[in-house]
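K.L.:
Here you go, one structure.
The values are calculated or read from the model by the stated rules, or taken from the named source; none is laboratory data. Fair warning: this is a prediction, and the values are worked out from it, not measured in the lab. Ideal geometry is used to build each Cβ from the backbone, glycine not excepted, and the neighbour counts take in all protein chains shown. Remember, those area values only see protein heavy atoms, side chains included, never the ligands or the DNA or RNA. Shrake-Rupley method; radii C 1.70, N 1.55, O 1.52, S 1.80 Å.
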Amino acid sequence: DVKVTQSSRYLVKRTGEKVFLECVQDMDHENMFWYRQDPGLGLRLIYFSYDVKMKEKGDIPEGYSVSREKKERFSLILESASTNQTSMYLCAGAGTGYNEQFFGPGTRLTVL
Amino acid sequence: AQSVTQPDIHITVSEGASLELRCNYSYGATPYLFWYVQSPGQGLQLLLKYFSGDTLVQGIKGFEAEFKRSQSSFNLRKPSVHWSDAAEYFCAVLSQGGSEKLVFGKGTKLTVNP
């Protein structure tokens, strides 16, 4: 079975902290994505990457950065966490050629 | 720009009843369409997808969806709902431009009464 794992299911951080959310996929997929999910807003794309060291901004990149040093790993970084970044964060991977995206279980981040 | 509308935020059905979840899309060419399901506290799982061909698509868990170009719709259906179908359902369209980005609707939450 394909698998996307995220480093934490639940995370609590303080305002101003630097936060790292890690995502690993075992599918050898070129494309990886970070979304945030909020009630009533659905999934919104933060960043995506189509290759190692390549990244593109999604719809809501402000306050976030990403890193993809290896094909299987895609990290989301909150440089200085704020309370409005309290949310569910979902990572996904997809092969090239209009294939489905495979999602991890999500990280519920609370910023106090 | 592409968009997906799920008109129903919340639907409640009785176990054993039929189900239809609505999805309308805005897209300039032949769309690639998806339905995902999210159980509480979980990530998203693909139910089915439409790329081309037969407009009635069968998926997992007994779900099906019908692509209707004239109505810009891709509604999800199930003839008899089970309590385990209670979840949130998301419709999505593949973004134009050659990337693998998906544009999601805001979701429909399904409650199943015993």
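K.L.:
Cut-off under 25 Å on the C-alpha distance; same-chain residues fewer than 8 positions from A:Lys53 excluded. Which lysines are left, in chain and number order?
P.N.:
A:Lys3, A:Lys18, A:Lys70, A:Lys71, B:Lys101
K.L.:
Still on this structure, I have one more. Between B:Ile11 and B:Thr111, what length in nm is gained on full extension when 0.36 nm per residue of separation is reduced by their alpha carbon distance?
P.N.:
Numbers: separation 100, 0.36 × 100 = 36.00 nm, distance 0.62 nm.
Going from the current span to full extension adds 35.4 nm.
K.L.:
OK, next. Quick check: Cα centre of the stretch B:1-77 to Cα centre of the stretch A:1-43, how many Å?
P.N.:
About 24 Å separates the Cα centre of the stretch B:1-77 from the one of the stretch A:1-43.
K.L.:
If you wrap the stretch B:3-113's Cα atoms in a convex hull and average its projection over all directions, what's the area in nm²?
P.N.:
Values: hull surface 26.8 nm².
One quarter of the hull surface, i.e. the mean projection, equals 6.7 nm².
K.L.:
Please name whichever of B:Ala17, B:Pro114, B:Gln96 sits farthest to the positive end of the charge dipole of chain B, dipole taken about the Cα centre and charges placed at Cβ: Lys and Arg +1, Asp and Glu -1.
P.N.:
Most positive-ward Cα: B:Gln96.
K.L.:
Select from A:Ile46, A:Ile60, A:Ile77 the residue whose mean-square fluctuation is largest in a Gaussian network model of chain A (Cα-Cα springs shorter than 10 Å).
P.N.:
Maximum among the listed residues: A:Ile60.
K.L.:
Taking just the alpha-carbon atoms of the stretch A:4-96, what radius of gyration and Dmax come out, in angstrom?
P.N.:
Cα only, the stretch A:4-96: 12.6, 38 Å (Rg, Dmax).
K.L.:
Pop out a list of residues from the stretch B:63-101 that are at least 50 Å² less accessible with all the protein chains around than in their chain alone; 1.4 Å probe, no ligands or nucleic acids counted.
P.N.:
The answer is B:Glu100, B:Lys101.
K.L.:
Still on this structure: Could you state the orientation-averaged shadow area of the convex hull built on the Cα atoms of the protein assembly as shown, in nm² to one decimal? Please list the in-between numbers first.
P.N.:
On the way: hull surface 49.3 nm².
So the Cα hull casts an average projection of 12.3 nm².
K.L.:
Near B:Lys106, which aspartates and glutamates are there with a Cα under 13 Å away, not counting those fewer than 8 places off in the same chain?
P.N.:
A:Asp38, B:Asp8, B:Glu88
K.L.:
Using only the heavy atoms of the protein chains and a 1.4 Å probe, how would B:His10, B:His82, A:His29 rank by accessible area, largest first?
P.N.:
Most to least solvent-accessible, the answer reads B:His10, B:His82, A:His29.
K.L.:
Right, next: Separation between the B:Gln96 and A:Leu112 pseudo-spin-labels, each 7 Å from Cα along Cα→Cβ, expressed in nm?
P.N.:
Reported label-point gap for B:Gln96 and A:Leu112 is 4.8 nm.
K.L.:
Ok, one more. Whenever you get a sec, compute what percent of the accessible area on the stretch B:3-113 sits on carbon and sulfur atoms (1.4 Å probe).
P.N.:
Ligands and nucleic acids excluded, carbon and sulfur reach 47 percent.
K.L.:
With a 1.4 Å probe, what is the total accessible area buried between chains A and B, in Å² rounded to the nearest 100? Display every interim value, and only then the final one.
P.N.:
Working: alone 6270 and 6220 Å², together 10740 Å².
Buried area (both sides, nearest 100 Å²): 1700 Å².
K.L.:
In the full protein assembly as shown, how much of A:Ser7 is accessible to a 1.4 Å probe, in Å² to the nearest 10?
P.N.:
It works out to around 70 Å².
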